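> Sharing a structure here in structure tokens format.
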Amino acid sequence: MTGPDHRRRVVLGVDIGTTSTKTVAYDTDGHQLASHSVGYPLDEPHPGYAEQDPQLIFDAVVETIRTVVTELGDGIAGLSFSTAMHSLIGLAPDGAPLTPSVTWADSRASSQAERLRAAPWGLALHRRTGTPVHPMAPLPKILWYAEQEPKLHERVAHWVGIKDYVLLRLTGTLVTDHSVASATGLMDIHQLRWDAQALRVAAITGEQLPRLVPTTTVLPGLTARAAIATGLPADTPVVVGAGDGPLANLGLGAVRPGVVACSIGTSGAMRVAVERPAVDPLGGVFCYALTEDRWVVGGAINNGGIVLQWAGDTLAPEFGEHGEEELLALAATAPVGSGGLIMLPYLLSERAPHWSALPRGAYVGLTHGHRREHLVRAALEGVCQQLALVLASVRAAGNEVREVRASGGFARSPLWRQMLADALGMPVRFPAGHEGSSFGAALLGMQALGLIDSIDVAADLVRIDETVRPEPASAATYAALLPLHSELYDALVPTFASLRRLAPSLPAEPPPTPAPM
């Protein structure tokens, strides 16, 4: 698998993530040939803020590409990009950033999002743009700038996402793909154009946004400076690419209708590929583009593996920083259903299926008989039950679900694998370790460059390592408890609202315990 003839069929998938960028080289048989990753910080200068330095991310992109190119040599067919969705950067007329890259995890626009969501046309906006009205989305974020930093808002020439910014620096072209745009709350997914009402809400014009292009658009090449920095020829084709969520479906081979991709990393998501864009009547799901004839419908949750980390830090600190195995072994000693203890795992607020920044975590049903193993297991069950609620919303949107493929750090745990299958009430298939979004980006690039006939080959390239089937008794227990999870959210919304209203007046930390007399 070497030599120039083979290398001409190699595409680099560049995955711009929230905590790192990873570039991976793949051939058309799906083999991974080389990879390199560079991390960067997520800054939280104020409560609710989650932002990054665009320059650090651009530098990471360049370094990862250059390292892989150095390892492989010449003959690379092209680059193709994946990106974390919902990011926002305000650019000056010369392309210099006026703001940090505000990430999906940033919640500063919560009040703006709730106001828009509560408007008589809020649900219609969601169904038209495919993006839930939530502080993660660029639309409420731009409105936040208009209201909180109006002078800066007036100075911004272009509002872009992080991939748009990287491509501008690499190619000199300002574009955004339909996939990333479908996650902004600013594009009409049915017309594939910027939405007039959304533009009015954000107090911007369509000229302040990048030109919309299909995800398979091939840009003519790199600037002279970018070519030198990356080590690639200036005429190397650059495929615009898509968002990491839709591309993760592609990377898992979940590209045909009825096949759901489930991922649990720090956060989590459930997505199914469809052939036409649609959002359910209740607005429980998002709808994001992959290609012109392939979309993904689903929902993301904020709280995945972060809940296990919290449980370890809080309930079993003696296990140490890398005590996941001991923590999971502890959880396994508690019964299915945690003895009637339910946890709402909203430690970082929540997204699907309610799409509100209000919720907070809660344990309900706690008794004198519960021990920490019950609390840990209930936390893990809460994550799986939240994914089951998202799956129900995917079905409610009119989508057939006949197969679930799952990936992510949680998949290393046999306990969590079984728990997920039991909570979903259906078999879960675990593919061999592809790099998800970077593989999806590379496949999309191969289709754009004519190296493969269709992205449908992904379904055949991804090998399934294991299928976990639900245990009937456990699945019945989780099915009985699932409505309680949904009811508890609704019942606690007024409490969540009161807690947020009181939060500014509460002490930041508990008062010190008086010394004994």
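The values are calculated or read from the model by the stated rules, or taken from the named source; none is laboratory data. Source: prediction; values computed, not measured. Reconstructed Cβ throughout: ideal geometry from the backbone, glycine too, with neighbour counts over all protein chains shown. Just so you know, the surface numbers come from the protein's heavy atoms only, side chains and all, with ligands and any DNA or RNA stripped out. Shrake-Rupley method; radii C 1.70, N 1.55, O 1.52, S 1.80 Å.
> Hey, among the residues in segment 53-72 that are touching a residue at least 60 places away in the same chain (Cβ under 8 Å) and open to solvent by less than 30 Å² (accessible area, probe 1.4 Å), which one's farthest from residue 214 (Cα to Cα)?
Only one residue tops the list, namely 72.
> State all residues of segment 452-472 that are at pLDDT 95 or above and open to solvent by less than 50 Å² (accessible area, probe 1.4 Å); if no residue qualifies, say none.
468, 470
> Here's a follow-up. Taking the residues in segment 153-188 that are of a type in the set (A, V, I, L, M) and part of a strand (DSSP E or B) as candidates, determine which candidate is surrounded by the fewest Cβ atoms within 10 Å (Cβ to Cβ).
The extreme case among them is 175.
> Also: Would you pick out the residues in segment 256-312 that are basic (Lys, Arg) and over 29 Å from residue 360 (Cα atoms)?
Matches in segment 256-312: 256, 276, 294.
> Search segment 13-33 for residues that are in contact (Cβ under 8 Å) with a residue 60 or more places away in the chain and at positive phi and pair each with any residue that is open to solvent by 20 Å² or more (accessible area, probe 1.4 Å) and of a type outside the set (Lys, Arg) when their beta-carbon atoms are under 8 Å apart and the residues are at least 6 apart or on different chains.
Final answer for the pair search is 30/434; 30/461.
> For segment 242-299, please list each of the strands (runs of 3 or more DSSP E) lying entirely inside it that holds at least 3 residues being under 17 Å from residue 181 (Cβ atoms) and either touching a helix residue (DSSP H, G or I) at 6+ places or on another chain (Cβ under 8 Å) or of a type in the set (Ser, Thr, Tyr) (or both).
It comes to 286-291.
Here's the yes/no breakdown for (1) over 30 Å from residue 109 (Cβ atoms); (2) modelled with pLDDT under 95:
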site: 8; (1), (2): yes, yes
site: 22; (1), (2): no, no
site: 69; (1), (2): yes, no
site: 84; (1), (2): no, yes
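> Going through segment 88-100 one residue at a time, which ones are open to solvent by 20 Å² or more (accessible area, probe 1.4 Å) and within 12 Å of residue 51 (Cβ to Cβ)?
97, 100
> Which of (1) closer than 17 Å to residue 203 by Cβ; (2) touching a residue at least 12 places away in the same chain (Cβ under 8 Å); (3) surrounded by fewer than 20 Cβ atoms within 10 Å (Cβ to Cβ) does residue 115 not meet, given it meets every other one?
Of the numbered conditions (1) closer than 17 Å to residue 203 by Cβ; (2) touching a residue at least 12 places away in the same chain (Cβ under 8 Å); (3) surrounded by fewer than 20 Cβ atoms within 10 Å (Cβ to Cβ), the odd one out for residue 115 is (2).
> Taking the condition farther than 25 Å from residue 104 by Cα, crowded, with 17+ Cβ neighbours inside 10 Å and not charged (D, E, K, R), does residue 331 pass?
The answer is yes for residue 331.
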